[in-house]
1. Please state the shape class of segment 301-382: rounded when a/c is under 1.5, otherwise prolate if a/b exceeds b/c and oblate if not, all from the C-alpha gyration tensor.
2. Quick check: pseudo-label points 7 Å beyond the Cα along Cα→Cβ at Leu582 and Ala252, how many nm apart are they?
3. What's the extension gain from Ala497 to Ala44 if we count 0.36 nm per residue and subtract their Cα-Cα distance?
4. Taking Cα atoms, how many degrees apart are the long axis of helix 568-578 and the longest axis of the chain, rounded to 10 and kept between 0 and 90?
5. Hey, rough spin-label estimate for Leu575 and Glu447, points 7 angstrom out along Cα→Cβ, what's it come to in nanometres?
6. In the structure displayed, which of Lys147/Lys415; Lys174/Lys624; Lys174/Lys586; Lys571/Lys604 lie more than 24 Å apart, Cα to Cα?
7. Which of the pairs Lys253/Lys630; Lys202/Lys630; Lys279/Lys597; Lys211/Lys253 have their Cα atoms more than 28 Å apart in this structure?
8. By how many degrees, between 0 and 90 and to the nearest 10, does the Cα long axis of helix 633-650 differ from the longest principal axis of the chain?
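Rule-based calculations on the coordinates, nothing more; no lab input. Every value quoted in this text rests on a predicted model; they were computed, and no experiment measured them. We place every Cβ from the backbone using ideal geometry, glycine too, and count neighbours over all the protein chains shown.
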Amino acid sequence: MRRYTHLIMGAAALLASSLAFAGAGAVADEFKWMTFAVFGAIIALTMYITYRAARQTHTTSEFYAAGRSVTGLQNGWAIAGDYLSAASFLGIAGLISLYGYDGFMYSVGWLVAYITVLLVIAEPCRNIGKYTLGDILAFRNHPKASKTVAALSTITVSTFYLTAQMVGGGVLIKTLIGIDYYISVIGVGVLMLSYVVFGGMKATTWVQIIKAILLVTASILLVMFTWGQYGFSLPGFLQAVVDDPKVQAQVAKLVGDAATGMTPQELGQRFLEPGLFLKSPIDQISLGMALVLGTAGMPHILMRFFTVPTAQDARKSVIWAMAIIGGFYVLTLFLGMGAAMNVGAGPIAALDKGGNMAAPLLAQYVGGGADSMLGNLFLAFVSAVAFATIVAVVAGLVLAAASAMAHDIYVGVIKGDRASPKEQVVAARISSLIVGVLAIYVGIAAEGQNVAHLVALAFAVAASSNLPAVFLTLYWKRANTYGIVLGMLVGAISAIALVMISPNMTYPKAVMKDANKVLQGEPAEPAKPAVAAVAASSFACELFALEGCVKSEPAKHASPEKPAKPGAPEKLAKLQETLPMLTDPKEIETAQKDIAKLEKDIKKANDDLAKMAGQTTSMVGLEKPLFLLKNPGLLSIPLGFLMVIVGSLLFRDKRAEEMWDELYVRQNTGINAEGASAH
């Protein structure tokens with residue numbers, strides 16, 4: 001009871017500190033009490049679940065795998081809760097609201113990923129593993145070597161994903177309700193630690209189930225309010241998107257000069273076509289490979305298959321997860337496009353340039369607007385769901401990283417699998433605490449950094465390192481320890497190295513050029529003569545920044561002279577002069593919003609110039625990227641598979657050969673799998 005009291009007191013202290021540090025945010029001050037009431041209710045519910053789970057968590061199996069007592073349906077909801085991060089709920093809806101069709105392609109990639117999981121990963125992993133990725137690989141390979149490299153990969157992937165979630169959580173909560181960034185990060189960390197340290201996998205599972213139910217419920221309610229006005233007709237809804245002036249204006253902004261020759265209907269139709277955001281087909285293929293294959297190698301997803309009692313439940317859980325995740329991603333289409341029509345890309349981007357506030361702002365709109373109680377109540381509910389989403393995903397990641405540290409490194413490598421059950425549970429809880437504290441520290445230290453690419457990088461490393469090792473261990477007789485170690489190391493290192501020389505990194509000269517363009521505007525460009533570009537292949541140009549590289553294209557027509565564009569300060573001065581002369585309330589409101597946006601752009605440009613002063617290269621010493629793809633999957637994934645094959649063919653491993661028959665029978669039948677967690 002004391003433990004439960006401490007948890008509730010901690011939650012109350014967190015809520016009180018949040019109230020004390022709340023500042024300006026998307027929620028108006030007079031309605032903030034509602035937001036914190038909803039937050040408090042969700043926190044109290046999850047704390048009670050943690051208390052109940054803590055009373056039932058005593059053994060290693062209960063801590064890591066919930067005692068293998070989770071049903072297929074429950075695990076399906078938990079997988080959905082683990083998988084549907086803030087990037088899914090807020091990020092994809094935001095991308096669709098700003099870029100239309102291209103944003104929805106992310107949904108397709110993440111959904112198709114579960115076909116790989118269902119067909120080749122879920123059942124075999126459940127049958128041969130105990131708790132972690134290292135257990136799967138150690139079944140037929142050298143235990144210490146395979147567990148060591150698996151733990152390193154797990155911690156690497158979890159760290160990348162965890163950092164992005166912590167930073168994203170801090171920024172989103174600050175943007176939504178005005179809580180200081182570091183308080184938001186600490187709040188997420190404290191709650192996550194409570195779930196993992198006290199309740200283990202049981203608490204984490206139920207928190208993820210509740211979060212998934214809340215997420216789906218909030219999305220369905222939003223879609224009903226948004227789509228209902230069009231009679232739940234898909235053609236009618238899409239036609240409304242095409243005809244909407246806000247959508248047409250956003251497309252005109254994105255396509256630039258090409259919009260001058262397009263009708264309003266053509267601009268609206270362009271929103272439903274590819275190419276507004278994902279402009280490079282090769283980059284899109286690379287990203288798709290990482291998303292589809294990386295899911296099957298994500299450590300916190302693999303751990304979920306050890307929580308079910310039978311192989312049949314493992315299959316059921318994936319089918320349920322696919323149905324829930326697939327249904328949710330279909331809903332994001334209506335959320336994003338509904339936000340584009342009802343809120344508009346301008347206000348969405350003004351609050352967050354990545355569009356992450358699209359769903360919350362849509363909730364506020366359909367509830368009655370920024371000045372209504374119902375609108376802010378709906379916004380509060382969506383904000384709380386976003387908060388629960390972040391905490392639940394972070395809890396799963398911390399549990400995966402802590403399991404690698406405690407179970408694979410401490411118990412498997414250091415203690416040689418001879419630790420007592422009590423020692424294992426203590427090691428697991430201490431590791432969770434260490435990982436959680438480090439996550440909070442990294443989240444605070446990374447404030448203001450661009451970490452969006454870390455999510456894609458986590459999937460790329462998982463696809464390049466974990467998936468080749470797991471897949472070939474399960475399905476190739478010749479695979480052995482040497483190949484697994486070589487493939488995992490080369491796959492992970494190549495993915496990270498390619499990202500370090502990619503456009504994802506910060507290049508000071510490019511940042512300063514963009515900042516100066518905002519402040520000084522763009523000078524007039526003289527007319528360019530027609531040219532024929534035949535220097536190199538399009539494929540080579542899109543992959544690497546080769547010297548003098550030009551894509552192979554037909555001869556271009558001469559381009560007309562482009563007029564000069566004024567800078568943001570000049571635009572701001574003109575708007576401030578015009579504002580006192582306006583009389584129409586709508587024009588005044590629009591002008592005030594434009595002024596606020598320009599002031600924000602000017603401040604950011606000046607901040608960027610000050611931040612980059614004296615710098616000329618990225619953190620690895622480059623002035624511009626050498627590898628032009630934002631995601632390295634196209635090269636690093638085949639390289640990971642190739643290295644496993646090469647290493648396995650070059651060296652023989654007697655244990656791997658001898659254990660093949662047993663692995664083949666067990667992965668297909670599940671014989672003796674139930675005894676694995678009792679080890």
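1. Values: a/c = 3.13, a/b = 2.58, b/c = 1.21.
The shape class here is prolate.
2. Label-label distance for Leu582 and Ala252, simple model: 1.7 nm.
3. Numbers: separation 453, 0.36 × 453 = 163.08 nm, distance 4.32 nm.
Extra length from Ala497 to Ala44 when fully extended: 158.8 nm.
4. So the helix axis and the longest Cα principal axis differ by about 50 degrees.
5. 2.8 nm
6. Values: Lys147/Lys415 13 Å; Lys174/Lys624 33 Å; Lys174/Lys586 29 Å; Lys571/Lys604 16 Å.
Where the Cα-Cα span goes over 24 Å, the pairs concerned are Lys174/Lys624; Lys174/Lys586.
7. Numbers: Lys253/Lys630 23 Å; Lys202/Lys630 37 Å; Lys279/Lys597 26 Å; Lys211/Lys253 37 Å.
Beyond 28 Å between Cα atoms: Lys202/Lys630; Lys211/Lys253.
8. 20 degrees
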